[in-house]
Structure formats: C-alpha cells, structure tokens
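The values are calculated or read from the model by the stated rules, or taken from the named source; none is laboratory data. This is a predicted model, so every value here is computed, not measured. All Cβ positions, even for glycine, are placed from backbone atoms using ideal geometry, and neighbour counts span all protein chains on display. Heads up: the accessible areas ignore ligands, DNA and RNA and are worked out on the full protein's heavy atoms, side chains in. Shrake-Rupley method; radii C 1.70, N 1.55, O 1.52, S 1.80 Å.
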Amino acid sequence: MHVKLVVFFTILMFLVPATAQDVNLTEGCITDYSPDVDYFPEKIEILDAERFAVAYHNHYKVVSVSDAYDGAPGFNYVLVQCGAPAPPAADFADGTQFIEVPTGDIITLSTTQLPALAQLDLLEHLVGVDSAFYISTVEVADAVADGQIAEVGFGAQINIELVLNLEPQLVMSYGYNPDTDAHPVLLDAGVFTALDASWRELSPLGRAEWLKFTALFYNREAAATEIYDAIASEYKNARQIAASVSEANRPSVLINSFLGYADAWFIPGQETYVGRLIRDAGGELLLAEEGSTSSQGLSFEAVYEGGLAADVWLVETFGLSSQAELLALDNRFGDFDAFQSGEVWNNNADENANGGNNYYEWGVTNPHLVLGDLVAILHPDLLPEREFVFYQKLASE
C-alpha cells in the first residue's frame, strides 16, 4: 500500500503544473528551473512604439528591433532568464545575440538612454558613457567627474580596450551608418550590443515608450509600465486641453532658424516628431510639408515670405537667450511678427555649462513635460500657472 501511494504522488507531481511566479525576478538567478513555469508573469504591452517588439516564452523573451537606421536589417536579442537554459541557437536567425536577464553592468552611448536608467532605478549598473560633455542627468555627470563612470568615446573610434576592461554585460548603442557606428566594432569584439532605435519613432509617446526596451533587459517590466502609463496619461491630458481650442484660434508657429553655418532653414514635416508635438499642442506649423515624415531645407527668402507673420517662433537654436543675440545673427530676424511681439522662445531653459540641452535628454523620455510647455506657450490662458521645464522666452533686453 505504501509503495502504491508513493507511485501515485510521484505521478501526480508530474501532472500538476509547477507553481507560477507572481513577479519577475529583478535580482539574481533562479535555482530550481522548470520548463513549465512562466518566469515573466509581469509582461509589457507595446502601445505606441513601432520599432521594437517582444515575444515572451516561459524562460526567455525574444526582442526585435526594426528600422534602426536607413537600410538596417532586423536585430534580434534572446533574453534568457538567469538560471534557465538558453534555447538552441539554431532556432534563430544568424546574428541573433543571447544574454541572461536580469543583466548587470551597462554602457550607454547616447544621452537619451540615461533617463530610462534613472527612472527605472538602474543607474547603479551604469559603468560607461560615450562622453559626459553634454550629459544633463546630474547623478551621471557627477559620477563621471568622480571617476565612477568611464567615458569610452564615439562611433567606430570607441575605445574597445576600455570597454573590454569595464566588462559590461550590455552596451546600448544606436545606428546611423554601419561604416562609422560603434555597434559593428563592439560586435566584432564579442560585446553584447543592443541597438536603440527610439530616434526613428515619429510620435512623442513612441519615443518615450523605449524605456520599456531598457526594462526588458532587467526584468523591470512592471516598473516601466507604471512609469510609461503615467507619462502617457499626462501627455494625453495636455493634448486634450489643447484640443479644446477651435481651429480658428490655433496660433501659427515658425520653427528653427537660418544660421550662417547652415545652407538652409530646416522645417520639419507635419508627421515628424516635432510636427506632431506642435499639432498636439494646438498649433499650426507653418511651411511644414503635408504628410511628410522628414524635414525640408528652405531658403531664407522662402521662410521670410511664408513665416513672417507667424504668431509664435520657436527658434530651437543653441545658446540663444535674448532677442539681441538672435538679431546679431541676422538683422532680418527683427522683421518677423513674433520677434516684434516678443513671442520668440527657445528650448534651452535647462542647459548645462557645455551646452548640453536637457530637452534632448529628459525631454525624449518625458514628452508630457515638453507638451505642457508648448501648450502654455501657444495657449497661455489654458495653463496660466505653468512652470516651464525646457522652454524660455527670449529676453527682450
């Protein structure tokens, strides 16, 4: 009888599914792997980003990045729960990289990747950056100054010896041109390198959602979802406030400027990242090409004719803080209606001593802050108590 009970309970043990985890493991490895356990009960849902995707399996997840740069192939990463076996490499396309998660030390090669680490409470894993010159995230800039975080350089000239000495589990890179980018050099050296294609996203929320991409490597899906949902909610609230304005009361907006070292005045298309921000803020972007997802270069004369009467001018120009400085670049700028009315703004209110602009760092992951500024600029009556984060009006004296 005793033997029969033992056999019965042995059979029962194999028939009953293994107990599922309640949360993702964000530290350490599993010690009792079972193929029946879902080790990623906290999953992300991608809502706005279009350049990355994830497929979950019980003990690994497959992350794919598309359109990382013009003509880029697809990039695939298999993220295996630490303590579990990796799936056969033969099941995946050539070039697929494998990494255990939650991963450890990371090197980032773009300032736009730093806010996600800070918001996900992962800065302790950061061991290297390309350069601290333009970094706005204070904790990172201070850590570089203290020698706690290394500077590894840019593009194909990246200091591979230093990277290897730092022994990162992950390098977060980006792509423009594989002939000059860092990622081919890193891959040749056997360093796991993930491509961040957030800059290819056309929508502000799409770019912000890439914080979930970072979270995938650390099993921080739950935290990323909570953070992103709050960002998206505030963005949509600001957009809804602006949507209450009638078409007739939407101010015309001129953007950028013509500088002596440039050969054109670049105007973003209506469907670009900037074009969508202006539209969501309740403005009309002048001279923007309808349906375009890129910028077009115009002559000064073309912008003078088409933008002279703009209600608001967002100069988006490095270093400018006064109308006098703008006028010194070209005295014709004084003819613009927005200049004469004092409605000239720049996005450099939060700029470091080297000219590093936090608009291009924290603003990317937190577009609700950018949109709030823009709504307050274009419709000051809607957000009269707004404390501006990134934008400031050019001083008139």
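Principal semi-axes of the equivalent ellipsoid, √(5λ) from the alpha carbon gyration tensor of segment 100-219, are 19, 18, 15 Å from largest down.
Please label the shape of segment 276-397 as rounded, prolate or oblate, based on the square roots a ≥ b ≥ c of the eigenvalues of the alpha-carbon gyration tensor (a/c under 1.5 means rounded; beyond that, a/b larger than b/c means prolate, else oblate). Rounded, since a/c falls under 1.5.
With the convex hull built on the Cα atoms of segment 182-322, state its orientation-averaged projected area in nm². Its Cα hull, projected and averaged over all orientations, spans 12.1 nm².
Radius of gyration over Kirkwood radius for segment 332-389, both on Cα atoms: the Rg/Rh ratio is 1.03.
Among the chymotrypsin sites (Phe, Trp or Tyr not before Pro) found in segment 292-397, those both in a DSSP coil and sparsely packed, with 15 or fewer other Cβ atoms within 10 Å of their Cβ, are PHE318.
With both labels modelled 7 Å from their Cα along Cα-to-Cβ, the SER246 to ASP22 distance reads 5.6 nm.
Mean separation of Cα pairs under 8 Å and 6 or more residues apart, divided by the residue count, gives the chain a relative contact order of 14 percent. Distant-in-sequence amide contacts of ASN24, defined by a placed amide H-H separation under 5 Å and a gap of 5 or more residues or a different chain, comprise GLU42. Checking (1) 197; (2) 180; (3) 151 against the coordinates, the calculated volume of the Cα convex hull per residue in Å³ falls under label (2).
Once you sort the root eigenvalues of the Cα gyration tensor of segment 170-247 as a ≥ b ≥ c, which label holds: rounded (a/c under 1.5), prolate (a/b larger than b/c) or oblate (the other case)? Oblate, since a/c reaches 1.5 and b/c is not below a/b. Measuring r between the beta carbons of ASP188 and ALA302 and using R0 = 56 Å, the FRET efficiency lands at 0.75.
Rounded to whole numbers, the Karplus 3J(HN,Hα) couplings from phi for segment 114-127 are 6, x, 4, 4, 5, 5, 8, 6, 10, 4, 5, 8, 7, 10 Hz, using 6.51 cos²θ - 1.76 cosθ + 1.60 with θ = phi - 60°, and x at Gly and Pro. Working note: Cα atoms of segment 214-259, range along each principal axis, descending, whole Å: 47, 36, 9.
FRET efficiency for the pair SER66 and ARG332, taken as 1/(1 + (r/R0)^6) with r the Cβ-Cβ distance and R0 = 41 Å, rounds to 0.40.
For TYR60, the residues whose modelled amide H falls within less than 5 Å of its own, excluding neighbours fewer than 5 places apart on the same chain, are GLN81. For TYR391, the residues whose modelled amide H falls within less than 5 Å of its own, excluding neighbours fewer than 5 places apart on the same chain, are ALA349. Other residues within the sphere of radius under 15 Å centred on the Cβ of ALA55, judged by their own Cβ, net out at -1 (K and R +1, D and E -1). The modelled label-to-label distance between ILE30 and LEU162, using points 7 Å beyond Cα along the C-beta direction, is 3.9 nm.
Accessible surface calculations at 1.4 Å, restricted to protein heavy atoms, place the chain at 47 Å² per residue. When all alpha carbon pairs of segment 104-158 are counted in 5 Å bins from zero, the resulting P(r) reads 5, 22, 36, 26, 10, 2, 0 %.
Placing dummy labels 7 Å off each Cα toward the beta-carbon, the span from PHE266 to TYR360 is 0.9 nm.
Of all DSSP-defined beta bridges confined to the chain, some 45% are antiparallel rather than parallel.
Expressed as a whole percentage, what fraction of the accessible surface of the chain belongs to carbon and sulfur atoms when a 1.4 Å probe is rolled over the protein heavy atoms? Answer for the chain is 52 percent, counting heavy atoms of protein chains only.
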